[in-house]
1. For Kirkwood radius over Cα pairs in Å, the choices are (i) 15.2; (ii) 14.6; (iii) 13.7; which was calculated from the structure?
2. Using 0.36 nm per residue, how much length does the chain from S79 to L105 gain when fully extended, once their Cα-Cα distance is taken away?
3. Of G82, G66, G48, which is the most mobile in a GNM of the chain whose springs link Cα atoms less than 10 angstrom apart?
4. Which of S88, S64, S79 moves most in a GNM of the chain, Cα contacts under 10 Å?
5. For the charge dipole of the stretch 12-107, defined by +1 on Lys and Arg C-beta atoms and -1 on Asp and Glu C-beta atoms about the Cα centroid, which residue among F61, P20, L103 has the Cα displaced farthest towards the positive pole?
6. Can you compute the label reach from S88? Point 7 Å from Cα along the Cβ direction, backbone N cut-off under 13 Å, restricted to the stretch 23-56.
7. Pull up all non-local amide H partners of E51: gap of 5 or more, or a different chain, and H-to-H distance under 5 Å with H placed in the peptide plane.
Amino acid sequence: MGLDPTSGPPFAIIVLPGHPTTVVVKGELDLATAPELAQRLEELAATGQREVTVDLSGLEFLDSQGIHVLLQARETLRSQGGGLKVRSPQPLVARVLETTGLLELLTEGE
């Protein structure tokens, strides 16, 4: 881990159209990769996507920058009458979300 994006597992974002739109995130979501996810989520909101589910089943690491991106996107979508939820976090990622008090907030209705 660290600032070198080549040091960890490959980072990937896959957008699956549908209702809700599903964004699959793989690898590590940290300072180096969070801006890419932020941009994709902003693009979805700008094109009228109101409901987004972020699939974290392939996410191996999550830091405060990643959390910030998820919360910012959630607030943007909520302001447009929609929302953002996460699903299938791996145990380490679920623990980070639980420790920060965000697991229930981001998975409500699961």
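1. Of the labelled values, this structure produces (iii).
2. 7.7 nm
3. Of G82, G66, G48, the most mobile in the Gaussian network model is G48.
4. Checking each option, the largest mean-square fluctuation is seen for S79.
5. Going by the Cα projections, it comes out as P20.
6. Residues passing the 13 Å test: 23-27, 53-56.
7. Result for E51 returns T21, G83.
Quick note: the coordinates plus some simple rules give every number you see, no bench work behind them. From a predicted model like this one, the values you see are computed outputs, not experimental measurements. Note that each Cβ is placed from the backbone with ideal geometry, even for glycine, and that neighbours are counted across all protein chains shown.
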